[in-house]
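First comes the structure, then the notes that go with it.
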Amino acid sequence: MSALARIVFIIPNLGLGGAQRHLARALNATCQDMQAHVVVLSDSDLSIMGEFAKGTTFHILRSSTSASPWLWFQVRRLLHRIRELRAILLREG
């Protein structure tokens, strides 16, 4: 049994903007057979979180600016953890 493919989206926030709604629609339309992870750089607005497909994993990083080197270190570390999750699932499956 193989593990599901993973896809990771990175977005500044989940406010009521066009990019956020487009991401929700694209994810809902294309990611039924994948593990979908959404990395949200700021928790300032999470208005459309409920529009994403059930089972979507959200990672909220709570940064005040996307220019922070520390933020991108956290993103890199998170991507490694998501990759390690796949390795664990493959060993168990």
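Every listed requirement among (1) surrounded by fewer than 16 Cβ atoms within 10 Å (Cβ to Cβ); (2) modelled with pLDDT under 90 is met by residue 58 save one, (2). For the criterion of being of a type in the set (Gly, Ala, Ser), out of contact with any strand residue (DSSP E or B) (no Cβ under 9 Å at 6 or more places or on another chain) and surrounded by 14 or more Cβ atoms within 10 Å (Cβ to Cβ), residue 63 passes.
For the range 12-49, give me each residue that is touching a Leu at 6+ places or on another chain (Cβ under 6 Å), closer than 16 Å to residue 78 by Cα and hydrophobic (A, V, I, L, M, F, W, C). Once the filter is applied, which keeps residues that are touching a Leu at 6+ places or on another chain (Cβ under 6 Å), closer than 16 Å to residue 78 by Cα and hydrophobic (A, V, I, L, M, F, W, C), the range 12-49 yields 36, 40, 41.
Against the definition (of a type in the set (Lys, Arg) and at pLDDT below 90), how does residue 6 come out, yes or no? Break it down stepwise before answering.
Details: of a type in the set (Lys, Arg): yes; at pLDDT below 90: yes.
In short, yes.
Determine whether the range 29-48 contains at least one residue that is in a helix (DSSP H, G or I), in contact (Cβ under 8 Å) with a residue 12 or more places away in the chain and open to solvent by 50 Å² or more (accessible area, probe 1.4 Å).
Checked against the condition, which is being in a helix (DSSP H, G or I), in contact (Cβ under 8 Å) with a residue 12 or more places away in the chain and open to solvent by 50 Å² or more (accessible area, probe 1.4 Å), the range 29-48 yields no hits at all.
The values are calculated or read from the model by the stated rules, or taken from the named source; none is laboratory data. Just so we're clear, the structure is a prediction, and the values are computed from it rather than from any experiment. Heads up, the Cβs are rebuilt from the backbone with ideal geometry, glycines too, and the neighbour counts pull from every protein chain shown. These accessible areas exclude ligands, DNA and RNA; they are computed on the full protein's heavy atoms, side chains included. Shrake-Rupley method; radii C 1.70, N 1.55, O 1.52, S 1.80 Å.
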